[in-house]
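Just below is one structure, and these are the notes that go with it.
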Amino acid sequence: MPFAFDVQKVSIKAPIKYPANLLAAAANYRSHANEMFGRGAPGAAANEIDPDKVDPVMFAKSPRSCIIDPNEPFFIPPGRNIDWEGELAIIIGKTALNVTEAKAHDYVFGYSIMFDVSDRGGTGRQTSTQFQGPNWFAGKSRDRGAPFGPFIVPKEFAAYPTHLRIVTKVNGVTKQDGNSKDLIWDEAHLVRYSVVDSHALSRRRDFERHARRRRHGAQAAGISQARRRGDDRDRRHRDVDDADAGGGGDGDEMRISRGGPFRLDQRP
């Protein structure tokens with residue numbers, strides 16, 4: 001076919017440069033929320049959250065400064081603890097405002113893979129104590145902090161509601177292995193909340209990240225912060241070399257292979 005190319009002979013770029021909004025839900029996967037907060041902590045009640053009564057915690061990443069192409073490096077700032085978070089991305093395909101949960105899927109164009117590279121703290125200047133809570137911008141919106149792609153799968157090729165398995169491998173070792181059915185706030189809840197009148201209007205081709213059961217509700221259990229220190233963090237570099245979103249058990253057969261591999265490199 002004249003329009004087909006061998007992916008091994010071309011340079012694959014991020015599929016959207018750049019959306020107006022890049023939104024993420026915090027600790028949205030049940031397993032990740034429990035992993036992060038532990039037993040007895042407030043977050044441990046993840047299994048008791050009723051998504052029809054309470055809304056998710058959302059944050060934004062800067063699309064233009066964060067999104068990079070597959071296989072590009074993210075440079076680790078000296079003295080910082082940088083973490084991977086494999087995410088399922090939901091691509092919004094048309095203008096959406098005040099959308100009901102029943103109509104939310106009508107506004108979805110498709111699905112992709114994104115890594116939410118996260119700064120978990122370390123040495124350096126302290127953040128002002130004027131305000132309580134985490135510094136979401138410093139932790140989530142560093143330059144090159146959203147490797148994206150390489151492909152978007154149209155929603156017509158994925159059964160709905162989605163039960164997509166999400167796997168992240170680091171240096172060939174599986175670190176995250178979860179399923180979108182573990183989400184606290186599912187696609188419909190996330191779309192409704194993100195486009196209500198009091199929040200941002202999602203413009204054409206904007207996309208929002210699936211909240212994870214994990215990190216910001218958008219990622220699967222298995223991030224390095226929740227693992228023993230020294231597991232991978234002390235290495236000079238790490239290859240986040242694979243991420244799949246595909247059928248798993250009772251999931252559908254959509255598959256996004258090598259979705260957003262990138263390299264964590266120590267800045268010289």
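Points worth noting:
- Where R120 falls short, out of the listed (1) crowded, with 16+ Cβ neighbours inside 10 Å; (2) charged (D, E, K, R); (3) in contact with a strand residue (DSSP E or B) (Cβ under 8 Å, 6 or more places away or on another chain): (1)
Let's see how each residue does on (1) acidic (D, E); (2) touching a Lys or Arg at 6+ places or on another chain (Cβ under 6 Å); (3) closer than 21 Å to W136 by Cβ:
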position	(1), (2), (3)
S31	no, yes, no
F74	no, yes, yes
R80	no, no, yes
A89	no, yes, yes
L97	no, no, no
H105	no, no, no
V108	no, yes, no
D116	yes, no, yes
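- Just one of the listed residues (A89, A159, A104) is part of a loop (DSSP other than H, G, I, E, B) and closer than 23 Å to S194 by Cα, and it is A159.
- Unique residue being in contact with a strand residue (DSSP E or B) (Cβ under 7 Å, 6 or more places away or on another chain), assigned to a loop (DSSP other than H, G, I, E, B), surrounded by 13 or more Cβ atoms within 10 Å (Cβ to Cβ) and not polar (S, T, N, Q) when the list is F59, F74, F151: F151
- Residues that are outside any strand (DSSP E or B) and either on the phi > 0 side of the Ramachandran plot or within 16 Å of the chain's Cα centre (by Cα) (or both), drawn from segment 164-190: N171, G172, S180, K181, D182, I184, W185, D186, E187, L190
- The set of residues from segment 89-116 being under 21 Å from the mean Cα position of the chain (by Cα) and without any contact (Cβ under 8 Å) to a residue 60 or more places away in the chain comprises just one member, G110.
- Residue satisfying condition, being surrounded by fewer than 16 Cβ atoms within 10 Å (Cβ to Cβ) and at pLDDT 90 or above, within set D52, D69: D52
- Contacts under 9 angstrom Cβ, first residue in segment 125-144 being more than 30 Å from G86 (Cβ to Cβ), partner part of a loop (DSSP other than H, G, I, E, B), 6 or more apart: S128/N135
- Some residue of segment 191-214 being of a type in the set (D, E, K, R), assigned to a loop (DSSP other than H, G, I, E, B), at pLDDT 50 or above and within 16 Å of the chain's Cα centre (by Cα): no
The values are calculated or read from the model by the stated rules, or taken from the named source; none is laboratory data. No experiment lies behind these values; they were computed from the predicted model shown. As a convention, Cβ positions derive from the backbone with ideal geometry for all residues, glycine included, and neighbour counts pool all protein chains shown.
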